[in-house]
Structures are given as structure tokens and as C-alpha cells.
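A short worksheet on the structure shown next.
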Amino acid sequence: MNFAIPFLPTRLEKPRQSGITMVMDKGLSVAEAENLISSSGHLIDFVKLGFGTSFMTGNLQQKIECYKRANIKVYFGGTLFEAFIIRNAFEEYVKILDKFKLNTIEISDGSMRMSMDDKCNYIHKLSKNFLVISEVGSKDASVHIDTADWVKLMKAELDAGSWKVIAEARESGNVGIYDASGEANTNMIGEISAHIDPNHIIWEAPIKTQQVWFIKQFGSNVNLGNIASNEVIALETLRLGLRGDTFHDFLPDNLKQK
């Protein structure tokens, strides 16, 4: 960092197992990716090339290599995986991963129906050669998943070989673990975190109020995903108590103003 400030919470260093920041790239150019790395690369753990954007993004290999050189793991969005699976083209998808020399993969079923057994079989098979991040939850707000099923699915996918499981919210932040207005489903999240170590979960939190809620609930080293590329530094200030929303949360009691 550029200077010292006392009484900041300890942030784990990269590469880290918790405190992860996953950024959503929805079609940045190579120059924009380089600018992102210049300003915020030291704070980013993963970049997801959102949904199917990698199909038409220009200079894709060049951009992937930029992220890799910055020690940022990059992967295709889970919707692209689903687009190949629903077309019975699993082997073709794996060949594309090999072509672009990607070693991280997201496995999801948010846009299509897939049995738990089938999904776990994909996770188990791919985890032998890739770092697997799997996503639980539907992108369709009309699809209701009981809290007990969230827990069951997350446990099954971690047992099958997922490194982390993502709690679905979309880039809009208004489905899955949130209601239509973007408010966190606190009962659901509390029940999930009571049964699964939150360090194993990446909570999608694209909106500032959601990020604040999770930091207050789980601390500065909570795993957060679907962060906008221009919000990485702003998120880090929330994690460190350098923004009004979390300003007093990490101060020692004798410094807190009553």
C-alpha cells in the first residue's frame, strides 16, 4: 500500500484461500484489462469472462495472457459451459479450455436443468485437471430453491471436487440469495453459513449495499464475486474500514465514537 494506517484489519495476501475478490469482465478490451491490472491487479484474485462474452471478445488470447501475467486466475463464465452442455458438446468445450490454456473452470446450471448427479460428475471429472468453481442457484427469479437444498447442493459439489461454490445472484444482484430489490435473504444466508464454512463460498455481491452487508456479517476476508471492474478499489476500502459504511467496524473500542 502507499502509506501506513494503524488499526486496519489484516487482509490475507495473494494467493489466498479466503478474502477473495472475483471481478466480472463483460467484454473489456485488452487496453481496458491492462488499465484494470495497473490500478487494481494486486487486489484481484479471479476474473470471470462473464456468461458468453468470450465467444465474441476481440483479442481474447491476448487478454487472457494479460490477466495471467498479473497472477490473476481467469475463466469463462458458467453460462458458456452450459451453452456447450445443452448442445451435447462437452468434449468440444474442454478442447477450447485447452486451446486458451485455462486451468480454472466454472460449472453451473443456472440457465438449464441439470441433475445433481450429472453436475457432480462433471465436477469430479474436471477437478482432476482444472481448478473447479461451481455455482449454485438459478438465474430465473421464478425458480425457488429451498434453503435446505442450497445446503445439500453446495455440500455435494464441494465433496465432488469444487474448490469453492458460488452463491448465485447474477450480475444484477437480484436473484438467488437476494430478493427482487437486491436485499440479502438473511435467513437463507445464515442457514447456509451455519452448515457450510463461509470460506468455501463466494457470495456474488455486485451492489455496494450487498458488499457492506457481507463484510459486516463475515469480516473483511469474506469471499465476494461479480464485482464490477471499476469497483475493485472501492470494495477494498470497505474491507479495510476506509469508507463511511464500515468506518467504525474495525476500530478498537477505545477509538470508536459513541
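Miscellaneous remarks
- Single match in SER111, SER134 (criterion: touching a residue at least 24 places away in the same chain (Cβ under 8 Å) and under 23 Å from ASP98 (Cβ atoms)): SER134
- Listed conditions (1) under 14 Å from ILE192 (Cα atoms); (2) of a type in the set (Lys, Arg); (3) at pLDDT below 95 are all met by LYS155, apart from (3).
- Among the candidates ILE189, ILE166, the residue that is surrounded by 22 or more Cβ atoms within 10 Å (Cβ to Cβ), part of a helix (DSSP H, G or I) and not acidic (Asp, Glu) is uniquely ILE189.
- Meets criteria (touching a His at 6+ places or on another chain (Cβ under 8 Å) and touching a residue at least 60 places away in the same chain (Cβ under 8 Å)) for GLY219: no
- Boolean, VAL212 is β-branched (Val, Ile, Thr), assigned to a helix (DSSP H, G or I) and in contact with a helix residue (DSSP H, G or I) (Cβ under 9 Å, 6 or more places away or on another chain): yes
- Every residue from segment 86-130 that is among the hydrophobic types (A, V, I, L, M, F, W, C) and under 23 Å from ILE177 (Cβ atoms): ILE105, ILE107, MET112, MET114, MET116, CYS120, ILE123
- Checking each residue in segment 216-246 for being in a helix (DSSP H, G or I) and either under 15 Å from the mean Cα position of the chain (by Cα) or of a type outside the set (A, V, I, L, M, F, W, C) (or both) picks out LYS216, GLN217, VAL232, LEU235, GLU236, THR237, ARG239, GLY244, ASP245, THR246.
- Screening segment 68-79 for residues that are part of a helix (DSSP H, G or I) and within 16 Å of the chain's Cα centre (by Cα) and picking the one that is surrounded by the most Cβ atoms within 10 Å (Cβ to Cβ) gives GLY78.
- Restricting segment 80-114 to residues that are at pLDDT 95 or above and touching a Ser or Thr at 6+ places or on another chain (Cβ under 6 Å), the residue that is surrounded by the fewest Cβ atoms within 10 Å (Cβ to Cβ) is GLU82.
- Subset of segment 137-185 [within 19 Å of GLN217 (Cα to Cα) and of a type in the set (Asp, Glu)]: GLU168, ASP179, GLU183
- In this entry, VAL212 passes the filter for residues that are at pLDDT 95 or above, of a type in the set (A, V, I, L, M) and surrounded by 18 or more Cβ atoms within 10 Å (Cβ to Cβ).
The values are calculated or read from the model by the stated rules, or taken from the named source; none is laboratory data. Computed from a predicted model, the values in this text were never measured in an experiment. With ideal geometry, Cβ positions are generated from the backbone for all residues, glycine too; neighbour counts draw on all protein chains shown.
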